Amino acid sequence: MIYPNPVYFDIVDSMYYHPDSVEKRLAIVSTYIFDRTNENLKAFTEDKYEVSLDQRIGRFGFSLTGFYQRMHNGFELNGFVPVSFTKYYRPNWPSPQPGIPRDTVLLDYRKAINSVESESRGVEFSLRTKQLPVINTTIRVNAAYHFSKSWWQDNHYEYFSTLRYDPNLHEKVRPFWNRTGSWRDELIIHYRFDTMAKSLGLWFTVAVQQIALERDKITGLDDSLAVGYIRADGSVYRIPEGERADPRYEQLRRSTPEYFYITEKKPDLWLINLRVSKSLWKGSEVSFFVNNMFNYRPLYQRDRVPEGAVVYTRRNPEIFYGMEFSMVVDDFVRFLKRY
């Protein structure tokens, strides 16, 4: 969100609840408004490199493409801004006399910042044939391997949800740590077979998708040391890099469950679609199609879950089928004129 709306905080200073009379109930609320616009926000940039080879030999043609892409300074609504509010006791309300401080509340809001970095690379291969004799079939195979990873700059952190008391620091603080990143890769292969029966005016298309490889992993988990902490008054303290491992900050370490370290790896997955088309007159056709024709929707049991938990995800969409009709209007008019 480049131009976010202002953020509003309603802080209840005083509240009195009378069980029997609505008129005697009272709540005094102070509203604070903050502008979340970041005038220093910059457009992200991308570097792209691609090299390709295309060749044809007899009835076969193939192409091979390698690519690399790097994004710098991507922006997200991740800029963490802590704000501290004072609650006041107002015994003389609605008198304009200042209230008496009675409590402090630490809250936060987010603003857009340039913090996202990502990198992707991969290889794409395509093999295609001319129509093969006897079987009147054209074959096309497309395979793509894609690897991507993302991480954050040192202005984006993971924050503990609330203030907590630290016995070494003798105060309530809200620690924060370097954010974790992630990577994922996949190998997807598409097979397409187009067969024509000229005498019947029919052609058949079988499209097969194979997800041969699909993995993802969380990175950066080994860095559990706190980068800093926020005090109850909203001030931020950055721990010097050389002191992050000091025993004084031992209680601020990030606790990470063991299962976070597991690499999620899904098994082979197939999806088969069929399409049958029939020509009616020049420029027109009617088609019947069915996607996921065998309604193959396997359950996958996730690996990266808490010990003892069982979580399944359903893979592949439900079977879907229908009919389509298309025509060229000019050809249809000429067809009618014959009669």
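The values are calculated or read from the model by the stated rules, or taken from the named source; none is laboratory data. Keep in mind that what you see is a predicted model, and the values were worked out from it rather than measured. So basically every Cβ, Gly included, is an ideal-geometry build from the backbone, and we count neighbours across all protein chains shown.
Numbers at a glance
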{"item": "Conditions (1) in contact with a Ser or Thr (Cβ under 6 Å, 6 or more places away or on another chain); (2) surrounded by fewer than 15 Cβ atoms within 10 Å (Cβ to Cβ): number failed by residue 97", "result": "(1)"}
{"item": "Condition met for residue 191 (in the same structural domain as residue 165 (by TED's automatic domain parsing), in contact (Cβ under 8 Å) with a residue 40 or more places away in the chain and in a helix (DSSP H, G or I))", "result": "no"}
{"item": "Qualifying positions in region 237-279 - among the charged types (D, E, K, R) and in a helix (DSSP H, G or I)", "result": "241, 243, 248, 250, 258"}
{"item": "Filter result for the condition that a residue is more than 30 Å from residue 312 (Cβ to Cβ), of a type outside the set (Phe, Trp, Tyr) and under 29 Å from the mean Cα position of the chain (by Cα), over 226, 232", "result": "226"}
{"item": "Any hit, region 57-79, residues being closer than 30 Å to residue 15 by Cβ and touching a residue at least 24 places away in the same chain (Cβ under 8 Å)", "result": "no"}
{"item": "Qualifying residue in region 29-45 (condition: surrounded by 10 or more Cβ atoms within 10 Å (Cβ to Cβ) and more than 30 Å from residue 109 (Cα to Cα))", "result": "no"}
{"item": "Any hit, region 53-60, residues being surrounded by 15 or more Cβ atoms within 10 Å (Cβ to Cβ) and small (Gly, Ala, Ser)", "result": "no"}
{"item": "Among residues of region 157-174, those that are closer than 11 Å to residue 231 by Cβ and either among the acidic types (Asp, Glu) or within 26 Å of the chain's Cα centre (by Cα) (or both), counted", "result": "2"}
{"item": "Top-ranked residue in region 280-313 [being in a loop (DSSP other than H, G, I, E, B), in contact with a Pro (Cβ under 9 Å, 6 or more places away or on another chain) and modelled with pLDDT of 95 or more; ranked as surrounded by the most Cβ atoms within 10 Å (Cβ to Cβ)]", "result": "292"}
{"item": "Of all residues making up region 239-269, the number that are over 24 Å from the mean Cα position of the chain (by Cα) and either buried (at least 16 other Cβ atoms within 10 Å of the Cβ) or hydrophobic (A, V, I, L, M, F, W, C) (or both)", "result": "5"}
